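Everything on this sheet refers to the single structure shown next.
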Amino acid sequence: MASLTDARRLVVKIGSALLVDRDTGTLRKDWLEGLAQDVAWLTASGCQVVLVSSGSIALGRGILDLPAADLALEQSQAAAAVGQIRLARAYEEALAPHGITTAQVLMTLEDSRDRRRYLNSRATLEQLLTLNAVPIVNENDTVATDEIRFGDNDRLAAQIAATIGADQLVLLSDVDGFYSANPNDDPSAQRYATIDHITPEIEDQAGDAGSGLSKGGMKTKLMAAKTATAAGCAMAICLGSGMRPLQALEQGANATWFTATLDPASARKRWISAMKPQGTLTLDAGAARALARGNSLLPAGVQQVTGTFGRGDPVALMDSDGHQLGIGLTRYTAQEAQKIKGHHSARIEPLLGYPGRAALIHRDDMAL
């Protein structure tokens, strides 16, 4: 079984049913304080933590005195707008006594599907983690449409895990793992301790039933597991209702772990290497040597730019003899790259008229 303290980066998904009392519609402050203790323990061990939290609609529903039945889209959006403020404040107040700075990041699944928005999101999250902040990520339910109806923070959490190269993802749930059948309906249902491969048989055993305030079922959790493990991130489903759920998981509480066969860095490079290049950057000998040493690609090392590509698109990296060195995701458009090629990074702002990133392609965004 994986140990949480071994993770360099950990994403934790928290469902509405854990945060919000289903009878009163109010925040479970004691539970959140226990989770904050867990986060403080993990960050003290050197682990960078990202929390993907539901709960804004559930909180806003109670504040606005909306019915317990399914809400119309505009009611859900209004509830999210009211509840999101309370949710962010609650996390800040729970984590501040431990000396932890929190940051609110509102996203949708589209932010990870669109390459440019994906790179922006990744850069923001990377910077927050570098500055030792704990990002609190939630779907932007106030403006989302399909996302609100689907209520799928499980997959959003998996996308976040893949985006930041997390080692582990934990889905805190109202069930202590993945079962061969719904344990509430079938007493003979067996919990899987470990799942190495998500087979069609496993998929057939997933049910749709969510509980109470949460909308996600086991099928969405399996989809999250596919995304996470393909990105080199192990994933756990465990019971989250206890006061210290992450500590309990570390101490051997029931859970199902989905294993990853690759580490996050290797999985990311495999993903990049499978992309079809939209253009070409020809490098001088010095830049080629720098890449071989594991460095990023700076504009000064680029001799020629060909093709039409946008920011975040894959481009082929060629040496001066025409041999392909690899593929990378560019941080600049083809037009911008033409302007800054051969120049030192300090010249980027004067040449483009606005500040830019020092590297044309970061070393984490290339597969050689």
Would a scan of segment 207-228 turn up a residue that is over 30 Å from Ala68 (Cα atoms), out of contact with any Cys (no Cβ under 8 Å at 6 or more places or on another chain) and modelled with pLDDT under 85? no
Of everything in segment 226-257, what is more than 11 Å from Gly177 (Cα to Cα) and in a loop (DSSP other than H, G, I, E, B)? Give them in sequence order. Ala231, Gly232, Cys233, Ser241, Gly242, Met243, Arg244, Gln251, Gly252
Hey, Gly294 under 14 Å from Met366 (Cα atoms), crowded, with 19+ Cβ neighbours inside 10 Å, in contact with a helix residue (DSSP H, G or I) (Cβ under 9 Å, 6 or more places away or on another chain) and outside the structural domain of Tyr192 (by TED's automatic domain parsing) or not: no
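Does Ala358 fit the bill of being modelled with pLDDT of 95 or more and touching a Ser or Thr at 6+ places or on another chain (Cβ under 7 Å)?
No, not satisfied.
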For segment 176-195, how many residues meet the condition of being touching a Gly at 6+ places or on another chain (Cβ under 9 Å) and part of a loop (DSSP other than H, G, I, E, B)? 5
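Okay, residues lined up against (1) of a type outside the set (Val, Ile, Thr); (2) modelled with pLDDT under 95; (3) closer than 17 Å to Leu169 by Cβ:
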residue: Met1; (1), (2), (3): yes, yes, yes
residue: Leu10; (1), (2), (3): yes, no, yes
residue: Gln37; (1), (2), (3): yes, no, no
residue: Gly62; (1), (2), (3): yes, yes, no
residue: Pro67; (1), (2), (3): yes, yes, no
Can you confirm whether Asp321 is of a type in the set (D, E, K, R), closer than 30 Å to Leu239 by Cα and surrounded by fewer than 21 Cβ atoms within 10 Å (Cβ to Cβ)? no
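Can you name the residue in segment 5-62 that is part of a helix (DSSP H, G or I) and β-branched (Val, Ile, Thr) and is also surrounded by the most Cβ atoms within 10 Å (Cβ to Cβ) among such residues?
Checking each candidate, the answer is Ile57.
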Where residues in segment 161-174 are modelled with pLDDT of 90 or more and part of a loop (DSSP other than H, G, I, E, B), which of them is surrounded by the most Cβ atoms within 10 Å (Cβ to Cβ)? Ala166
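Among the residues of segment 298-307, are any of a type in the set (Ser, Thr, Tyr), more than 26 Å from Arg155 (Cα to Cα), at pLDDT 95 or above and surrounded by fewer than 16 Cβ atoms within 10 Å (Cβ to Cβ)?
Yes, there is a match, as at least one residue in segment 298-307 is of a type in the set (Ser, Thr, Tyr), more than 26 Å from Arg155 (Cα to Cα), at pLDDT 95 or above and surrounded by fewer than 16 Cβ atoms within 10 Å (Cβ to Cβ).
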Selection from segment 2-20 of residues that are over 18 Å from Val52 (Cβ atoms) and in contact with a helix residue (DSSP H, G or I) (Cβ under 9 Å, 6 or more places away or on another chain): Ser3, Thr5
So which helices (runs of 4 or more DSSP H) are wholly in segment 269-354 and hold at least 3 residues that are free of Cβ contacts under 8 Å to residues at least 60 places away in the same chain and over 27 Å from Gly165 (Cβ atoms)? 334-340, 348-352
The lone exception for Ala300 - which of (1) in contact with a strand residue (DSSP E or B) (Cβ under 8 Å, 6 or more places away or on another chain); (2) in the same structural domain as Ala346 (by TED's automatic domain parsing) it fails: (1)
Log entry, pairs with first residue in segment 31-50 being over 13 Å from Thr102 (Cβ atoms), second being of a type in the set (A, V, I, L, M, F, W, C) and in a strand (DSSP E or B), beta carbons closer than 6 Å, six or more apart or on different chains, reads Leu42/Val49; Cys47/Leu10
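Could you check how many residues of segment 122-160 are among the hydroxyl-bearing types (Ser, Thr, Tyr) and modelled with pLDDT under 90? Explain how you work it out, then say what you get.
Initial filter on segment 122-160 (among the hydroxyl-bearing types (Ser, Thr, Tyr)): 124, 130, 142, 145.
Imposing the further condition that a residue be modelled with pLDDT under 90 reduces the set to 142, 145.
Qualifying residue count for the region: 2.
The values are calculated or read from the model by the stated rules, or taken from the named source; none is laboratory data. What you are looking at is a predicted structure, and each value in this text was computed from that prediction instead of being measured. Positions of Cβ are backbone-derived with ideal geometry, glycine not excepted, and every protein chain shown enters the neighbour counts.
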